[in-house]
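Here is the structure we will look at, set down as structure tokens.
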């Protein structure tokens, strides 16, 4: 396993743990309730053709948001290391 592979694995584990921790918060629970209500509303308001399109749109939005989350998390970690090196905390 290369150093990059090890770093990627570490970052993935840190991100997974952060997401798991977030899912235990009240903020997440409130957001999940809103999502559940929105899904119920979509099922009752939209016809099946529209529902498929809306579902596809939401899935794409969630996928893009997830990729953005991963990018920002990785960038934050690498930027933190750069700052610590600049401050002389790390060699």
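The values are calculated or read from the model by the stated rules, or taken from the named source; none is laboratory data. This one's a predicted model, so the numbers in the text were calculated from it and none came from an experiment. In this analysis, Cβ positions are derived from the backbone assuming ideal geometry, glycine residues included, and neighbour counts consider all displayed protein chains.
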So residue 24 passes all but one of these: (1) modelled with pLDDT of 95 or more; (2) exposed (fewer than 11 other Cβ atoms within 10 Å of the Cβ); (3) assigned to a helix (DSSP H, G or I). Which condition number does it fail? (3)
Can you tell me how many residues in segment 43-64 are within 12 Å of the chain's Cα centre (by Cα) and surrounded by fewer than 10 Cβ atoms within 10 Å (Cβ to Cβ)? 0
Identify all residues within segment 59-91 that are touching a helix residue (DSSP H, G or I) at 6+ places or on another chain (Cβ under 6 Å) and farther than 17 Å from residue 13 by Cβ; write none if there are none. 90
So the check is Cβ under 7 Å with 6+ separation or different chains; which pairs have a first residue in segment 65-91 that's surrounded by 11 or more Cβ atoms within 10 Å (Cβ to Cβ) and a second one that's in a loop (DSSP other than H, G, I, E, B)? 81/90; 84/90
